[in-house]
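The values are calculated or read from the model by the stated rules, or taken from the named source; none is laboratory data. All values reported here derive from a predicted model rather than from experimental measurement. We place every Cβ from the backbone using ideal geometry, glycine too, and count neighbours over all the protein chains shown.
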């Protein structure tokens, strides 16, 4: 049962990482920058990558990494970051994708909290049975 709690905690961490990446992407949605060498680069959009930890200890490891590509060119001739053709870099962020990520984080939180509660209930029941026998 302790293993189940540990695995659920890694799931909670994964949800937190996904939530933080999405929040950062949404907050920096309009943070444009120059595509020219030496100029102020645009905000690099983030995503998460999760890998299984296998059977020992179990669960997942989640890292926040730059999205590929982190930013894309856009036409904005009035921007101070625009080149001669009026092109700037804008974050490669899709609000639709970020809303889905936020919802996935919520669902992941709820599922892992339910796992922890179920493990707690099983532990309580086991201790109750043990007390009855002793």
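Just a few scattered comments:
- Checking 72, 60, 100, 90 one by one, the residue that is within 17 Å of the chain's Cα centre (by Cα) and surrounded by 13 or more Cβ atoms within 10 Å (Cβ to Cβ) is 60 and no other.
- Verdict on residue 19 being modelled with pLDDT under 95, surrounded by fewer than 19 Cβ atoms within 10 Å (Cβ to Cβ) and part of a helix (DSSP H, G or I): no
- Checked against the criterion of being crowded, with 16+ Cβ neighbours inside 10 Å, more than 26 Å from residue 91 (Cβ to Cβ) and either in contact with a strand residue (DSSP E or B) (Cβ under 6 Å, 6 or more places away or on another chain) or modelled with pLDDT under 95 (or both), the candidates 2, 7 yield just one match: 7.
- Residues within region 76-106 that are part of a loop (DSSP other than H, G, I, E, B) and touching a strand residue (DSSP E or B) at 6+ places or on another chain (Cβ under 6 Å), tallied: 6
- Per the conditions (1) part of a helix (DSSP H, G or I); (2) under 30 Å from residue 124 (Cβ atoms), the sole criterion not satisfied by residue 58 is (1).
- The condition of being in contact (Cβ under 8 Å) with a residue 40 or more places away in the chain and not in a loop (DSSP other than H, G, I, E, B) does not hold for residue 72.
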